[in-house]
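A short write-up of the structure that comes next.
The values are calculated or read from the model by the stated rules, or taken from the named source; none is laboratory data. These numbers were taken from a predicted model, which means no experiment stands behind them. Every residue, glycine as well, gets a Cβ built from its backbone with ideal geometry; the counts of neighbours run over all protein chains shown. Surface accessibility is based on the protein's heavy atoms, side chains included, excluding ligands, DNA and RNA. Shrake-Rupley method; radii C 1.70, N 1.55, O 1.52, S 1.80 Å.
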Amino acid sequence: MQNKIHVRKQDTVMVISGKDKGKIGEVVSVLPKTNKVLVKGVNLITKHQKPSKENMQGGIVHKEAPIYSSKVMLYCTKCKSVTRISHKLLDDGTKVRVCKKCGETF
């Protein structure tokens, strides 16, 4: 069973709890089975890799690890703050996400 996650790929989000609290980044991928998201520049881990065909040198690599989606909140670039979203129906019948604070569409 897959869970519904409130953010989508390429959304700008802010981390609201944990060691990276206050960091802003873009969602790289959404993992609905585990209820996690991968955010660019957040939750960096150090991985020791053996040499391989792709990485001849090997060594220590820094990369992002997924975090729970409940730890991130959508960031509105217009009002420069985190916000909740509401849904609005347009005249042509499409549903869009709208910032609760300033009314900007996502």
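In the range 79-92, what count of residues is obtained for those that are within 21 Å of K21 (Cα to Cα) and either part of a loop (DSSP other than H, G, I, E, B) or among the small types (G, A, S) (or both)?
Adding up the residues that qualify gives 5.
Would you mind finding the one in Y68, Y75 that is open to solvent by 40 Å² or more (accessible area, probe 1.4 Å), aromatic (F, W, Y) and touching a residue at least 24 places away in the same chain (Cβ under 8 Å)?
Values: Y75 fails: open to solvent by 40 Å² or more (accessible area, probe 1.4 Å).
When all the criteria are applied, what remains is Y68.
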Worksheet entry | Residue satisfying condition, being charged (D, E, K, R) and within 19 Å of I5 (Cβ to Cβ), within set K88, K40 | K40
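Identify all residues within the range 78-89 that are over 15 Å from T12 (Cβ atoms) and open to solvent by 80 Å² or more (accessible area, probe 1.4 Å); write none if there are none.
H87, K88, L89
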Worksheet entry | Test: residue in the range 16-35 that is among the small types (G, A, S) and open to solvent by 70 Å² or more (accessible area, probe 1.4 Å) | no
Worksheet item: Within the range 64-73, is even one residue modelled with pLDDT of 95 or more, in a loop (DSSP other than H, G, I, E, B) and either under 12 Å from the mean Cα position of the chain (by Cα) or not β-branched (V, I, T) (or both)?
Response: yes
Worksheet item: Before we move on, is R97 within 19 Å of T12 (Cα to Cα), open to solvent by less than 70 Å² (accessible area, probe 1.4 Å), basic (K, R) and touching a residue at least 12 places away in the same chain (Cβ under 8 Å)?
Response: yes
Practice prompt. Could you pull out the residue among G18, G41 that is on the phi > 0 side of the Ramachandran plot and without any contact (Cβ under 8 Å) to a residue 24 or more places away in the chain?
Written response: G41
Item to complete: Evaluate the range 53-60: report whether one residue or more is closer than 29 Å to Q2 by Cβ, exposed (fewer than 12 other Cβ atoms within 10 Å of the Cβ) and not acidic (D, E).
Response: no
